[in-house]
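Each remark here refers to the structure printed beneath this line.
The values are calculated or read from the model by the stated rules, or taken from the named source; none is laboratory data. Values in this document were obtained by computation on a predicted structure and should not be read as measured data. Using ideal geometry, Cβ is built from the backbone for each residue, glycine included, and neighbour counts are taken over all protein chains shown. SASA here: full protein model, heavy atoms, side chains in, ligands and nucleic acids out. Shrake-Rupley method; radii C 1.70, N 1.55, O 1.52, S 1.80 Å.
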Amino acid sequence: MMRFKQYTMAAVAGLCVLTACQRDYNDPGTEYAPNMYVSIPYEPLTQVEENKLTPTGANVLPPVPGTISRRNYPTKYVDEYGNEYDLGLMVYRTHPDSIEVAEKTLKNPLPATKQVIAEGKVLYERFCQPCHGAKGQGDGPVGQKYKGVANIAAMKFNDGHIFHVITHGKGRMWPHASQLNPLERWKIVHYVHVLSGDLPESGIVPGQEEKASETQEGTAAEQSSEVAMAN
């Protein structure tokens, strides 16, 4: 009788082993006390049972038709003169601590036209003016309470520096990448140059940049000549 029980137990154990080897690898097996580790709210990447609130029964819904990834979207801009600018994929992954790299490598891809500057002004008033003030002097209503806000009108930052700071923040300024897409940030960059006196608010007509530069150089040369004659 004793041997019969031993043989029976061995047979049952062998049957269990063979059954376990044939189990589907995707089968997690028997779950004990699922309420201990299965979330009551629906989780997008966990599908325990059918979701009765969605058409397909899945927790994860497919993107809306026509949806474009935020990090990889083509950007084209048409200015008031009918010129189209293909800005390509404006993906910016420079490390927050690499502001020197941004200063050396980034240049505003948008033309400094009146329309671009006007749009940059609107964005500046919405997102920057509360801290930096209407004239960029750091005297906005929030800046007066927050303290330590930069006077951007008195600082001669280049395109890369301004874009990097808007994206990642600096000092007491928080990042604004989630509020402003790259195209909007570049528009603000131009308007910051207006506040610092590096650009006219009326903008520059495309193709006239070289003429404007020559005019400035000629004016500087005339002033130097007048100073030399006066001395």
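Quick grid of which residues meet (1) touching a helix residue (DSSP H, G or I) at 6+ places or on another chain (Cβ under 9 Å); (2) in a strand (DSSP E or B); (3) open to solvent by 70 Å² or more (accessible area, probe 1.4 Å); (4) of a type in the set (Phe, Trp, Tyr):
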site	(1), (2), (3), (4)
Asp86	no, yes, yes, no
Ala102	yes, no, no, no
Ile117	yes, no, no, no
Arg126	no, no, yes, no
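The condition of being closer than 16 Å to Cys128 by Cα, open to solvent by less than 30 Å² (accessible area, probe 1.4 Å), aliphatic (A, V, I, L, M) and modelled with pLDDT under 95 does not hold for Ala177.
Taking the conditions exactly as written (part of a helix (DSSP H, G or I), surrounded by 13 or more Cβ atoms within 10 Å (Cβ to Cβ) and modelled with pLDDT of 65 or more), does His190 satisfy them or not? Steps first, answer last, please.
Numbers: part of a helix (DSSP H, G or I): yes; surrounded by 13 or more Cβ atoms within 10 Å (Cβ to Cβ): yes; modelled with pLDDT of 65 or more: yes.
Criteria met by His190.
Would you check if Thr56 is under 28 Å from Ile204 (Cα atoms), open to solvent by 60 Å² or more (accessible area, probe 1.4 Å) and among the hydroxyl-bearing types (Ser, Thr, Tyr)? Against the criterion (under 28 Å from Ile204 (Cα atoms), open to solvent by 60 Å² or more (accessible area, probe 1.4 Å) and among the hydroxyl-bearing types (Ser, Thr, Tyr)), Thr56 does not qualify. If you check Arg126, Arg93 for being under 15 Å from Thr167 (Cβ atoms), free of Cβ contacts under 8 Å to residues at least 40 places away in the same chain and under 22 Å from the mean Cα position of the chain (by Cα), only one passes: Arg93. Summed over region 173-203, the residues that are within 19 Å of Leu106 (Cβ to Cβ), over 18 Å from the mean Cα position of the chain (by Cα) and of a type in the set (D, E, K, R) give a count of 1. Going through (1) in contact with a Ser or Thr (Cβ under 9 Å, 6 or more places away or on another chain); (2) more than 25 Å from Gly203 (Cα to Cα); (3) assigned to a loop (DSSP other than H, G, I, E, B) one by one, His95 falls short only on (1).
Consider Ala11 against the criteria (1) modelled with pLDDT under 80; (2) closer than 30 Å to His193 by Cβ: it satisfies all of them except one. Which criterion is unmet? Ala11 satisfies every listed condition except (2). Of all residues in region 129-159, those that are assigned to a helix (DSSP H, G or I) and of a type outside the set (Val, Ile, Thr) total 12.
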